[in-house]
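Asks: Before I ask anything, here is the structure I am working with.
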Amino acid sequence: MSVFKAYDVRGVYGEELNEELAYRVGYFLPELLQSDHVLIGRDARLSSPSLFEAMSRGVMDAGCDVWDIGICTTPTVYYAGPFLGARACVMITASHNPPRYNGFKISRELAKPVGKETGLMDLEKLCQKKPEPIANKGKVITHNIREGYLDFVSKWLKPLNGLKIVFDSSNGVEGLYLKDVFDASGAEVHYINLEVDGNFPNHEPNPLEVENCHQLMAKVKEVKADVGVIFDGDADRCIFVDEKAQFVFPDIVMGIMARDLLKKRPGVVGYDVRSSRSVTEEIKRQGGDPRICRVGHSYAKKLLRETDGTFGGELAGHYYFRDNNYCDSALIAALVVLGILAESKRAGKESMSEMIASITRYHYSGEINFKAENKDELIQIVSDHFKHFGGEVNDLDGIRVDFKDWWYNLRKSNTEPYLRLVTEASSKEQLDANIRTITELIQKFKR
């Protein structure tokens, strides 16, 4: 299977992805994006320095300059690109994957993503050619953008007095910034797994897996915190837990954000096909215009750019903001939610769990995964089973069918060999019955 995926280049280091590929990406990317430079950031994975050196050699052998911004988060690259006027950017990271993985997230001018439909397949073809180093090589130019980035994200910081917070940076690169932002915020802050370590020794850097949140949940209980926040390896996504140490679904977090962001700027809010009806209803209540989009950061960003949207989010814990070049930032997401929560607490109003309860009106399955080869056939089988019930069909990403009191979405993963089911219903009994029916159909016919 190719390491050129739907949204990025990613694979097991030393087996699927190596320095030779990094060199070729560095060499051919300036040609693809018509740029005389490539801005490169990298996470703290153990293979990142070697891949950076190889990619830099490729860029310079193409006669172009490397703009080195050092070890940083993916959102730092999204900030640095537009700030420095870069036309080609790479973040060396495998995001939330285990330590043995690495990869390249690529963007063009204004931090626009380069994905499968916007140039990544062309880059794969170019990388099959033989590089021909030129005599007039480029150079490495170091850019220190740390202070500028901290000033930029701090625009979202509100007084957090009275709030007690636990942060888990998962030993990822968000640990480079958290204390700078929050130590003087007025909140009582507790940090765990703050040390940046590419081995990710305490848990994998994937906060979507609840077992990776157990340390955070335990610390929230121990210190009686109001909220906990956990970041993934490159800090483009985050997950919240409430004061009861309960996992909060990211789409519900969007409903919380809507209460603040739409007051300042009513407009389009992008949500992915897996999101709860509770979220769209809350967005409308707050004066927003909810718009559905395919799963994946490139689709969310495209929707927000085309509509000049206010913000957006995905069930994977990505949150996108108009004032962040329509890009995702876990740190900005945390700042927005914590500001809302602090204001509510000072006013003697809702806690995090009470906010969630006031938004949530349905029973939700979360994402259920099935490993299968015949994914398209299974989507059709399930669709045929329910078609006599009517329902509003949306085939934007797999299939989503909305009935009066329940809905389901069945789609192929863009990054893994899975068929993914999400469903929601007005009652727990109906939800359980629908999950059973769909699961039985898939298990019966899958290959």
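Asks: Once label points are set 7 Å from the Cα along Cα→Cβ at both PHE389 and GLU306, what is their separation, rounded to one decimal in nm?
Replies: Here the answer is 3.0 nm between the modelled labels.
Asks: Right, something else. For a test of the definition: using alpha carbon positions, the gyration tensor, and the 1.5 limit on a/c, classify the stretch 1-147 as rounded, prolate or oblate. Write out the running numbers ahead of the final one.
Replies: Details: a/c = 1.27, a/b = 1.05, b/c = 1.22.
It is rounded, given that a/c, with a ≥ b ≥ c, falls under 1.5.
Asks: Where a ≥ b ≥ c are the square roots of the eigenvalues of the C-alpha gyration tensor, would you call the chain rounded, which needs a/c under 1.5, or, failing that, prolate if a/b is larger than b/c, or oblate? Display every interim value, and only then the final one.
Replies: Values: a/c = 1.78, a/b = 1.23, b/c = 1.45.
Since a/c reaches 1.5 but b/c is at least a/b, the shape of the chain is classed as oblate.
Asks: If r is the Cβ-Cβ distance from ASN369 to ARG285 and R0 is 25 Å, what FRET efficiency results, to the nearest 0.05? Walk me through the numbers before you get to the answer.
Replies: Numbers: r = 32 Å, r/R0 = 1.29.
About 0.20, to the nearest 0.05.
Asks: Of the beta bridges DSSP finds with both residues in the chain, what % are antiparallel, to the nearest 5? Mind dumping the intermediate values first?
Replies: On the way: 42 of 73 bridges.
For the chain, the DSSP antiparallel bridge percentage is about 60.
Asks: In debye to the nearest 20, how big a dipole does the chain give about its Cα centre with +1 on each Lys and Arg Cβ and -1 on each Asp and Glu Cβ?
Replies: Working: 58 positive and 65 negative charges, 146 e Å.
Roughly 700 debye for the chain.
Asks: What distance in nm lies between label points placed 7 Å from Cα along the C-beta direction at ARG436 and LYS404?
Replies: 2.3
Asks: Please report the antiparallel percentage of the DSSP beta bridges confined to the stretch 37-180, to the nearest 5.
Replies: Working: 6 of 19 bridges.
Percentage antiparallel, nearest 5: 30.
Asks: Still on this structure, please answer the following. Connecting C-alpha atoms closer than 10 Å in a GNM of the chain, tell me which of ILE283, ILE356, ILE368 has the biggest fluctuation.
Replies: Checking each option, the largest mean-square fluctuation is seen for ILE368.
Asks: Could I ask something else about it? Pull up all non-local amide H partners of SER170: gap of 5 or more, or a different chain, and H-to-H distance under 5 Å with H placed in the peptide plane.
Replies: Distant-sequence amide H within range of SER170: PHE231.
Asks: Starting at the first residue of the stretch 69-75, write each ³J(HN,Hα) from the Karplus equation 6.51 cos²θ - 1.76 cosθ + 1.60 with θ = phi - 60°, in whole Hz, x for Gly and Pro.
Replies: Whole-Hz 3J(HN,Hα) from phi for the stretch 69-75: 10, x, 6, 6, 8, 4, x.
Asks: Students often get this wrong: which residues of the stretch 68-87 have the backbone nitrogen under 17 Å from the point 7 angstrom along Cα-to-C-beta of VAL196?
Replies: 68-81
Asks: Taking the Cα centre of the stretch 149-359 as the origin, how large is its charge dipole in debye, to the nearest 20, when only Lys and Arg (+1) and Asp and Glu (-1) carry charge on their Cβ atoms? Intermediate results must be reported in sequence, preceding the final value.
Replies: Details: 26 positive and 32 negative charges, 192 e Å.
Here the size comes out at about 920 debye.
Asks: Another question, if that's okay. Could you derive backbone 3J(HN,Hα) for the stretch 26-36 from the dihedral phi with the Karplus parameters 6.51, -1.76 and 1.60 (θ = phi - 60°), listing whole Hz in sequence and x where the residue is Gly or Pro?
Replies: x, 5, 8, 4, x, 5, 4, 9, 6, 10, 9
Asks: Go ahead and run the numbers for FRET between LEU46 and GLU20, Cβ-Cβ distance against an R0 of 25 Å, rounding to 0.05.
Replies: Efficiency computed from Cβ-Cβ geometry: 0.85.
Asks: Over the stretch 9-144, what is the mean sequence separation of C-alpha contacts under 8 Å (at least six apart), divided by residue count, expressed as relative contact order in percent?
Replies: Averaging sequence separation for qualifying contacts and normalising by length gives 32 percent for the stretch 9-144.
Asks: I'd like to know which of GLY288, CYS213, ALA245 lies farthest towards the positive end of the charge dipole of the chain, counting +1 on Cβ of Lys and Arg and -1 on Cβ of Asp and Glu.
Replies: The residue sitting most towards the positive pole is GLY288.
Asks: Answer rounded, prolate or oblate for the stretch 222-329, using the Cα gyration tensor with square roots of eigenvalues a ≥ b ≥ c: rounded when a/c is under 1.5, else prolate when a/b is larger than b/c, else oblate. List each step's numbers first, then the result.
Replies: Numbers: a/c = 1.83, a/b = 1.43, b/c = 1.28.
Prolate, since a/c reaches 1.5 and a/b exceeds b/c.
Asks: Can you tell which of PHE104, PHE311, PHE152 shows the greatest fluctuation in a Gaussian network model of the chain with Cα springs below 10 Å?
Replies: PHE152
Asks: Name the long-range amide H neighbours of HIS190: under 5 Å, sequence gap of 5 or more, or other chain; modelled H, no Pro or chain starts.
Replies: ILE165, VAL166, PHE167
Asks: Out of all DSSP beta bridges with both ends in the stretch 149-359, state the antiparallel percent to the nearest 5.
Replies: Numbers: 11 of 28 bridges.
DSSP beta bridges in the stretch 149-359 are roughly 40 percent antiparallel.
Asks: Still on this structure, please answer the following. Pull out the extension gain between PHE83 and LYS264, defined as 0.36 nm times the separation in residues minus the alpha carbon to alpha carbon distance; nm, one decimal. Walk me through the intermediate numbers first.
Replies: On the way: separation 181, 0.36 × 181 = 65.16 nm, distance 2.41 nm.
Net length gain for the segment: 62.8 nm.
Asks: Pick from GLN246, GLN215, GLN380: which is most flexible by mean-square fluctuation in a GNM of the chain where alpha carbon atoms under 10 Å apart are linked?
Replies: GLN380
Asks: Between ASN161 and HIS214, 0.36 nm times their residue separation minus their Cα-Cα distance comes to what? Could you put the intermediate results ahead of the total?
Replies: Details: separation 53, 0.36 × 53 = 19.08 nm, distance 2.63 nm.
Here the answer is 16.4 nm.
Asks: Using the Karplus curve 6.51 cos²θ - 1.76 cosθ + 1.60 with θ = phi - 60°, work out ³J(HN,Hα) for each residue of the stretch 160-176 in order, rounded to whole Hz, and write x for Gly and Pro.
Replies: 10, 3, x, 8, 10, 10, 10, 10, 10, 8, 6, 6, x, 6, 5, x, 6
Asks: Report the gain in length on full extension from ASP151 to LYS130: 0.36 nm times residue separation, minus Cα-Cα distance, nm rounded to one decimal.
Replies: Details: separation 21, 0.36 × 21 = 7.56 nm, distance 4.29 nm.
Length difference between fully extended and current span is 3.3 nm.
Every number in this text was worked out from the coordinates using simple rules, so none of it is lab data. Just so you know, these numbers come straight off a predicted model, no measurement behind them. Neighbour counts are summed over all protein chains in view; Cβ atoms, including those assigned to glycine, are modelled from backbone coordinates with ideal geometry.
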